[in-house]
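First up is the structure itself, then whatever we jot down about it.
The values are calculated or read from the model by the stated rules, or taken from the named source; none is laboratory data. On a predicted model such as this, the values are computed, not experimentally measured, just so you know. Every residue, glycine among them, receives a Cβ derived from its backbone with ideal geometry; neighbour counts consider all protein chains shown.
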Amino acid sequence: MVAAGGRIYASDINDIVAGTTGKPLCVARQATGGQTVNHNSATAILWDTEDVDTHGIHSTSSNTDRFTPNKAGWYSVRSTVVMASRADYLRLDVVAEQNGSSPLSSRTREAAAQTSGSASAMNDVDAYFNGTSDYVRILVTQTNGASASATTGGTGSFGSSVRIEYIRP
């Protein structure tokens, strides 16, 4: 930290850059084809497009449901899952799950019957990742008596998306 009136060194600037533009950030979405989500069954969302991935947190070719932060620390995990229009949704749950078994949080939307538009639920949680083996997945469960489709969104359009951002050590 530079005191008022003190000299600013290159290391001070490097610390600022590392804490802002150098911090890990991944923004991914479903852009092609809807994903089937069976009735009353937790389904990991598959993310096929990255808008940003500064540190290789996600792969679009292998384990596309996983995000593996490779810098230890606290991360903000925000997700939105959008389901196709149906008139019979009863419930829509979105869960951030760590390492395949530990729910970090859950958001439930009691979905009113709708004949137009889509149903969506959002999730926002902060969690610690060890920087090596910890990963997070976004799971959705919908109840309506039948399978339904998670919708896609092109660039700038509204669809299922996730944002994982480093907060602090």
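Look at (1) in a loop (DSSP other than H, G, I, E, B); (2) closer than 18 Å to Ser160 by Cα; (3) modelled with pLDDT under 90; (4) of a type in the set (Val, Ile, Thr) and you find that Thr115 fails only one, number (2).
Contact map, region 23-51: first residue closer than 17 Å to Met122 by Cβ and assigned to a loop (DSSP other than H, G, I, E, B), second residue at pLDDT 95 or above and among the small types (Gly, Ala, Ser), Cβ cut-off under 7 Å, separation 6 or more or different chains; pairs are Trp47/Ala28. Consider region 8-49 and keep the residues that are surrounded by 13 or more Cβ atoms within 10 Å (Cβ to Cβ) and among the β-branched types (Val, Ile, Thr). The one that is farthest from Val94 (Cα to Cα) is Thr49. Taking the criterion of being in a strand (DSSP E or B) and at pLDDT 90 or above, the residues of region 72-93 that qualify are Gly73, Trp74, Tyr75, Ser76, Val77, Arg78, Ser79. Every test in (1) buried (at least 17 other Cβ atoms within 10 Å of the Cβ); (2) over 16 Å from the mean Cα position of the chain (by Cα); (3) not hydroxyl-bearing (Ser, Thr, Tyr) is passed by Arg91 save one, and that test is (1).
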